[in-house]
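*Asks:* Before I ask anything, let me first share the structure, which is written out below as structure tokens.
Only the coordinates and a few stated rules stand behind these numbers; no lab work does. Given the structure is predicted, the values throughout are model-derived calculations rather than measurements. Counting neighbours? That spans all protein chains shown, and the Cβs are built from the backbone with ideal geometry, glycine included.
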Amino acid sequence: MADSLKARLAPFIVTKGKDFKLKNHPTTRKNWKASKKETRKLLEKGIEVLRDHQEKLYAQDTKGLLLIFQAMDAAGKDGAIKHVMSGVNPQGCQVYSFKSPSPEELDHDFMWRTSKALPERGRIGIFNRSYYEEVLVVRVHPEYLQKQKLPPEVVTKDIWKERFEDINAFERYLTRNGYTIRKFFLNVSKKEQKRRFLERLEMEVKNWKFSLADAKERGFWEKYMEAYEDMIQHTATPYAPWVVVPADDKPLARLIVAASVVDAMDDMNLAFPKVSAAQKQDLAAAKKALESEKKDK
């Protein structure tokens, strides 16, 4: 990826969360000086580069990439995943969406259901929501915590801090096993969310996207913003950084996601496997055998 684009990404990437403040990350394109036309062209280029990287990742079959998307409703997670991954071979990509936990999932630890969905080596895994729901929606709605069948002695005032520690340890474990992690918070404003909700109500073809439950969560907006800020402060690390994406502008949001994925894969040193001398001999023999065959009728 061009150094200039890498430099443009810098304001959105958080590797040290200690001093992170959500108010310092606008939901619009204030930190990105580019026309909409240039943004579209850059996105097309990013998708092309991503396709090449993904092919090498699949062929190499030793490393994996995990992309995590978190956001308020209508922030554009589905659209970002759809557009950014549009050029990727489906065989090398796995997408999982995590809704409310099932009774079986509640009978296990809070990362069990996501651990089962981790990508295989050589593949890109995408989590549409993830184990971070356990320090977001569960924190905003403490009644959900009561349904998790936890022993009373572990539900203390330190439970969120302890979950942050568990998440950091888990992500460190993954990186030590050859996985690269990028986490995206699509930062949409309350005003823009309202506009998108009204659009879903006014356009019949988008009615299916609207949920009364989603609208109800707007009443907890401030609590969610506090939870997101605290989450990033405690889980943004050099090995698993957060990308805070200005989601009010969909084309820009998709470009930043694409550029961040390309940047991550640039750092993975991907390459097609080298063929050994013995394998080259086998290939030469196979070629000779094919060429010596009689022409097909």
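*Asks:* Stokes-Einstein D for the stretch 180-269 at 37 °C, 0.692 mPa s, Kirkwood Rh over Cα pairs, in µm²/s? Each step should come with its number before you reach the end.
*Replies:* Details: Rh = 15.1 Å.
The diffusion coefficient I find is 218 µm²/s.
*Asks:* For the stretch 135-145, in order, what is each residue's ³J(HN,Hα) by Karplus, 6.51 cos²θ - 1.76 cosθ + 1.60 with θ = phi - 60°, in whole Hz (x at glycine and Pro)?
*Replies:* Result, ordered by residue: 10, 10, 5, 5, 6, 5, 10, x, 4, 5, 5 Hz.
*Asks:* Now for a separate question. Please list 3J(HN,Hα) in residue order for the stretch 269-274, calculated via the Karplus relation 6.51 cos²θ - 1.76 cosθ + 1.60 where θ = phi - 60°; whole Hz, with x for glycine and proline.
*Replies:* Taking θ as phi minus 60°, the curve returns 6, 7, 7, 5, x, 7 Hz for the stretch 269-274.
*Asks:* Using the alpha-carbon centroid of each, what span in Å lies between the stretch 108-144 and the stretch 56-72?
*Replies:* With the stretch 108-144 and the stretch 56-72 each reduced to a Cα centre, they are spaced 15 Å.
*Asks:* Next question, about the same structure. In square nanometres, what is the average projected area of the Cα convex hull of the stretch 143-195? The partial results should precede the final answer.
*Replies:* On the way: hull surface 25.5 nm².
Its average projected convex-hull area is 6.4 nm².
*Asks:* Using only the alpha carbons of the stretch 123-222, determine the length spanned along each of the three principal axes and report them from longest to shortest in whole angstroms.
*Replies:* 46, 38, 22
*Asks:* For the stretch 1-99, state which trypsin sites (Lys or Arg not before Pro) are in a DSSP loop and have at most 14 other beta carbons lying within 10 Å of their beta carbon.
*Replies:* Values: sites: 6, 8, 16, 18, 21, 23, 29, 30, 33, 36, 37, 40, 41, 45, 51, 56, 63, 77, 82, 99; in loops: 16, 18, 21, 33, 63, 99.
Passing both the DSSP loop test and the Cβ count: 16, 18, 21, 33, 99.
*Asks:* For 248, 109, 263, what's the fewest-to-most ordering of other Cβ within 10 Å of each Cβ?
*Replies:* Working: 248 22, 109 13, 263 17.
With the fewest neighbours first, 248, 109, 263 line up as 109, 263, 248.
*Asks:* What ratio of Cα Rg to 2.2 N^0.38 Å holds for the stretch 45-111?
*Replies:* That ratio works out to 1.39.
*Asks:* Okay, moving on. In whole angstrom, and with the biggest value first, how far do the Cα coordinates of the stretch 65-197 range along each principal axis?
*Replies:* So the three principal-axis extents are 49, 42, 25 Å.
*Asks:* Quick check: pseudo-label points 7 Å beyond the Cα along Cα→Cβ at residue 284 and residue 7, how many nm apart are they?
*Replies:* Here the modelled spin labels are 4.9 nm apart.
*Asks:* What whole-number volume per residue, in cubic angstrom, does the convex hull of the C-alpha atoms of the stretch 3-292 give? All intermediate terms of the calculation are to be shown ahead of the outcome.
*Replies:* Working: hull volume 53.4 nm³, N = 290.
Cα convex hull per residue, to the nearest whole number: 184 Å³.
*Asks:* Here is a follow-up. Roughly what angle does helix 159-175 make with the longest principal axis of the chain, taking Cα atoms, 0 to 90 degrees, to the nearest 10?
*Replies:* Between helix and principal axis, roughly 10 degrees.
*Asks:* Let me ask something else. In degrees between 0 and 90, to the nearest 10, how far off the longest principal axis of the chain does helix 250-266 point, with axes built from Cα atoms?
*Replies:* Value to nearest ten degrees: 50.
*Asks:* Go through the stretch 157-232 and name the trypsin sites (Lys or Arg not before Pro) that are in a DSSP coil and have 13 or fewer other Cβ atoms within 10 Å of their Cβ. Before the final figure, lay out the partial values.
*Replies:* Working: sites: 157, 161, 163, 172, 176, 182, 183, 190, 191, 194, 195, 196, 200, 206, 209, 216, 218, 223; in loops: 157, 176.
Filter output for the stretch 157-232: 157, 176.
*Asks:* Semi-axes of the equivalent ellipsoid for the stretch 79-147, please: Cα gyration tensor eigenvalues, times 5, square-rooted, ordered largest first, whole Å.
*Replies:* Numbers: eigenvalues 148, 40, 13 Å².
Ellipsoid half-lengths, sorted descending, are 27, 14, 8 Å.
*Asks:* Related question: Can you tell me what percent of all Cα-Cα pairs in the stretch 231-297 are more than 20 Å apart? List each step's numbers first, then the result.
*Replies:* Details: 1374 of 2211 pairs.
The calculated P(r) of the stretch 231-297 puts 62 percent of pairs beyond 20 Å.
*Asks:* Considering only DSSP beta bridges where both residues belong to the chain, give the percentage that are antiparallel (nearest 5).
*Replies:* Numbers: 2 of 25 bridges.
In the chain, DSSP labels about 10 percent of beta bridges as antiparallel.
*Asks:* Given the options 244, 144, 170, identify the residue whose Cα lies farthest towards the positive end of the charge dipole of the stretch 139-266 (+1 on Cβ of Lys, Arg; -1 on Cβ of Asp, Glu).
*Replies:* Of 244, 144, 170, it is 144.
*Asks:* A further question on this structure: Which angle from 0 to 90°, rounded to the nearest 10, does the C-alpha axis of helix 190-202 make with the longest principal axis of the chain?
*Replies:* 80 degrees
*Asks:* What are the radius of gyration and Dmax of the stretch 6-134, computed over its Cα atoms and given in Å?
*Replies:* 16.9, 50
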